[in-house]
Amino acid sequence: MSSPSSPANSSPATSLFDRQRAWALLQEHTQSPSLLKHALAVESCVRAYGEREADALSLSGDWRSAMLETYSATALLHDFDYEKHPSLEEHPFVGVAILTQQGWPEEIRTAILGHADYSGVPRETHLAKALFACDELAGFLTACSLVKPTRSIHDVEVTGVKKKMKDKAFARAVNRDDIVKGAAELGVPLDDHIAFCIAAMQRNAEALGLQGIAG
Ligand SMILES: [Fe+2]
Ligand SMILES: [Fe+2]
């Protein structure tokens, strides 16, 4: 699939596959508000790691924007087939097949396959590692927020999160080992990773429905 030439012909090739298109595709396939919020929560964290990586690589202008769009799109799309195809046999393979048909970049598709450990697809890029590291943690931080009297991400702290990670009865669907493994693969100490993702979700609290309730 080639991109039409435009005055901004220095734009990187991924510009057709941006956040906006990913969001539209996600909404086409997903009705559940909690799944949509999960996608946005993972995106908050993954995009923040993308910003950090872009800084580390001294990227600017179109290249920086393209990288952030790729990080956002990957995070938004990582579970876009989950509502209709939640089984281990189908998720995320059905979704990735659709992405392949539509011409989404290989970097995005491989990272999405890699978020499912059972796919056996290795996580080699920073994007793939960031997605895996943020997926379960974003869900866990959402659960930690929702048990606060305020239901706010602004009241979530690293020490409390780590305590809850040891409480097996709490948010039992969230795989603690994946959180620990994800941080290690990304090369970020666990406490720093948790703090980084809390801050990223706090910046997007309203969209995530975690801004807190009055009184
Ligand atoms: Fe998934
Ligand atoms: Fe997910």
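The values are calculated or read from the model by the stated rules, or taken from the named source; none is laboratory data. The shown structure was predicted, so the numbers you read here are calculated from the model rather than taken from an experiment. Counting neighbours? That spans all protein chains shown, and the Cβs are built from the backbone with ideal geometry, glycine included. Calculation scope for accessible area: heavy atoms of the full protein, side chains included, ligands and nucleic acids excluded. Shrake-Rupley method; radii C 1.70, N 1.55, O 1.52, S 1.80 Å.
How much FRET efficiency would the formula 1/(1 + (r/R0)^6) give for residue 88 and residue 146, where r is the Cβ-Cβ distance and R0 is 25 Å, rounded to 0.05?
Given R0 = 25 Å and the Cβ-Cβ separation, E is 0.40.
Considering the dipole of the chain built from charges on the beta carbon (Lys and Arg +1, Asp and Glu -1) around the Cα centre, which of 99, 147, 36 is farthest to its positive end?
Highest projection toward the positive end goes to 147.
What order do you get for 147-154, 48-55 when each peptide is scored by the mean count of other beta carbon atoms within 10 Å, highest first?
48-55, 147-154
Can you work out the accessible area per residue across the chain, with the rest of the protein chains kept in place, probe 1.4 Å, in square angstrom?
Numbers: 10700 Å² over 215 residues.
Computed with neighbouring chains in place, this is 50 Å² per residue.
Determine the relative contact order of the range 83-215: mean sequence separation of Cα pairs under 8 Å and six or more apart, normalised by residue count, in whole percent. Intermediate values should be presented prior to the final figure.
On the way: 132 pairs, mean separation 31.8, N = 133.
It comes to 24 percent, rounded to a whole number.
Show me 119-131, 87-99 ranked by packing, highest mean number of other Cβ atoms within 10 Å first.
119-131, 87-99
Does the range 78-124 classify as rounded, prolate or oblate by the C-alpha gyration tensor (a ≥ b ≥ c root eigenvalues; a/c under 1.5 gives rounded; else a/b over b/c gives prolate, otherwise oblate)? Could you put the intermediate results ahead of the total?
Values: a/c = 2.16, a/b = 1.08, b/c = 2.00.
It comes out oblate by the Cα gyration axes.
Assigning unit charges at the beta carbon (Lys, Arg +1; Asp, Glu -1) and nothing else, what dipole magnitude in debye, to the nearest 20, does the range 155-215 show about its Cα centre? Show your work: numbers first, answer last.
Values: 9 positive and 9 negative charges, 59 e Å.
Here the range 155-215 has a charge dipole of around 280 debye.
Between the range 102-123 and the range 147-180, what is the C-alpha centre distance in whole Å?
The distance from the Cα centre of the range 102-123 to that of the range 147-180 comes to 27 Å.
Suppose every K and R has +1 on its Cβ and every D and E has -1 on its Cβ; what is the size of the dipole of the range 32-137 about the Cα centre, in Debye to the nearest 20?
Rounded to the nearest 20 debye, it is 140 debye.
Are there cysteines in the chain with no other Cys C-beta under 4.7 Å, and if so, which?
For the chain, the answer is 144, because their Cβ atoms have no other cysteine Cβ under 4.7 Å.
Just to check I understand the Karplus step: with θ = phi - 60° and J = 6.51 cos²θ - 1.76 cosθ + 1.60, what whole-Hz values come out for the range 129-134, glycine and proline as x?
Coupling constants for the range 129-134: 5, 5, 4, 5, 5, 8 Hz.
Given a 1.4 Å probe and every protein chain left where it sits, what share in percent of the accessible area of the chain is carbon and sulfur?
Values: 5660 of 10700 Å².
Carbon and sulfur together cover 53 percent of it.
If you place +1 on the Cβ of every Lys and Arg, -1 on the Cβ of every Asp and Glu, and leave all else neutral, what size is the dipole of the chain about its Cα centre, to the nearest 20 Debye?
640 debye
So for the chain, taking the charge dipole from beta-carbon charges (+1 Lys/Arg, -1 Asp/Glu), which of 26, 58, 212 sits furthest toward the positive end?
About the Cα centre, the residue reaching furthest to the positive side is 212.
Mind ranking 108-118, 168-178 by how tightly packed they are, going by the mean number of other C-beta atoms within 10 angstrom, highest first?
108-118, 168-178
Considering the zone a paramagnetic label at residue 170 would reach in this model (a point 7 Å from Cα along the Cα-to-Cβ line), which residues of the range 133-158 have amide N under 17 Å from it?
Under 17 Å, as judged by backbone N against the label point of residue 170, lie 136-158 of the range 133-158.
Compute, for residue 34, the solvent-accessible surface of its heavy atoms (probe 1.4 Å) with the complete set of protein chains present, and express it in square angstrom to the nearest 10.
Accessible area, nearest 10 Å²: 80 Å².
Restricting attention to the range 125-215, which GluC sites (Glu not before Pro) occupy a DSSP loop and are surrounded by at most 15 other Cβ atoms within 10 Å?
Working: sites: 136, 157, 185, 206; in loops: 157.
Here the sparse-neighbourhood loop sites are 157.
Give the lysines reachable from residue 181 as a straight Cα distance under 25 Å; neighbours fewer than 8 places away on the same chain don't count.
Those lysines meeting the cut-off are 37, 129, 162, 163, 164, 166, 168.
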